[in-house]
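The values are calculated or read from the model by the stated rules, or taken from the named source; none is laboratory data. Since the model is a prediction, treat every value here as computed from it, not as a measurement. Cβ placement follows ideal geometry from the backbone for every residue including glycine, while neighbour counts extend to all protein chains displayed. With ligands, DNA and RNA removed, areas are computed over all heavy atoms of the protein, side chains included. Shrake-Rupley method; radii C 1.70, N 1.55, O 1.52, S 1.80 Å.
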Amino acid sequence: MALLGVIAVACGVSAPSAAAADTRKRPSDSRLEADCRSGKARCTFKADGPGKFFRGPFRQVSKSLLNCSSSDVAKTMGWEDSLTVTDEAGMSLNLGSVQPVAAGISANLSHSKAKAHVASGTVNVTVKPREVGWIARAPLMHKATGEWTTHYFFPVHGRRHWKIAGTILGPVENGTAGKYSAVMVKTRPMTKKEIAACASRHKPKQKAD
């Protein structure tokens with residue numbers, strides 16, 4: 001599968017000469033990150049390499065099914081998982097087709113809502129009496145380290161372009177690099193509060209006089 005990304009555009013601004021830059025007044029990383037998030041600077045990310053692919057932790061992606069009856073309950077349940085690509089500073093990335101960032105490819109920082117990776121499906125769930133069941137998913141993730149580059153419209157401390165080390169983390173499509181996400185059914189015993197709620201729900205209604 002081809003690794004795709006969003007190619008960065010430098011907005012037609014050429015880098016100033018080294019003589020014009022005063023590196024003694026380098027802005028702090030927190031200032032540069034804030035400017036990237038606010039849109040004061042247009043920022044791009046370039047990965048050092050292809051990064052690594054791994055499964056994230058299992059997360060509940062469906063409603064809970066409580067079995068208040070005295071026999072097993074079997075039901076086909078739907079699930080949906082939505083994740084957004086982010087970097088370690090909490091800035092959202094728009095990776096277009098949600099493919100991993102390849103070496104030598106840059107990703108644009110999106111100041112609008114980042115595109116989410118959405119996956120969904122159905123699973124047959126069986127829950128025993130006095131148990132709660134749900135569907136959990138461990139998404140296939142991609143992590144890459146690299147550098148952010150700022151693109152200011154006006155020089156900041158003598159330069160339009162400053163660099164910040166960073167990491168991006170985001171979900172990728174199943175089958176990328178020969179790896180896949182995982183979906184499973186999980187159950188647990190009901191709590192005393194849930195058992196009491198079941199009893200209240202099934203309590204016979206008193207007939208009116």
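Return the residue satisfying two criteria in turn: it lies in region 13-45 and is open to solvent by less than 30 Å² (accessible area, probe 1.4 Å) and either among the polar types (S, T, N, Q) or under 18 Å from PHE153 (Cβ atoms) (or both), and of such residues it is modelled with the highest pLDDT.
Among those that are open to solvent by less than 30 Å² (accessible area, probe 1.4 Å) and either among the polar types (S, T, N, Q) or under 18 Å from PHE153 (Cβ atoms) (or both), it is PRO27.
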Being β-branched (Val, Ile, Thr), assigned to a strand (DSSP E or B) and in contact with a Leu (Cβ under 6 Å, 6 or more places away or on another chain) is the requirement here; does VAL123 meet it?
no
Is it fair to say VAL123 is more than 27 Å from GLY49 (Cα to Cα), open to solvent by less than 20 Å² (accessible area, probe 1.4 Å) and at pLDDT 85 or above?
no
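Name the one entry in ASP81, ASP48 that is at pLDDT 60 or above and buried (at least 18 other Cβ atoms within 10 Å of the Cβ).
ASP81
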Flag if THR150 is of a type in the set (Val, Ile, Thr), within 30 Å of SER69 (Cβ to Cβ) and at pLDDT 85 or above:
no
Looking only at region 181-202, and only at residues there that are farther than 30 Å from HIS142 by Cα, touching a residue at least 60 places away in the same chain (Cβ under 8 Å) and assigned to a loop (DSSP other than H, G, I, E, B), the one that is least open to solvent (accessible area, probe 1.4 Å)
MET190
Can you find, within region 126-177, the residue that is farthest from the chain's Cα centre (by Cα) among those that are open to solvent by 10 Å² or more (accessible area, probe 1.4 Å) and polar (S, T, N, Q)?
THR126
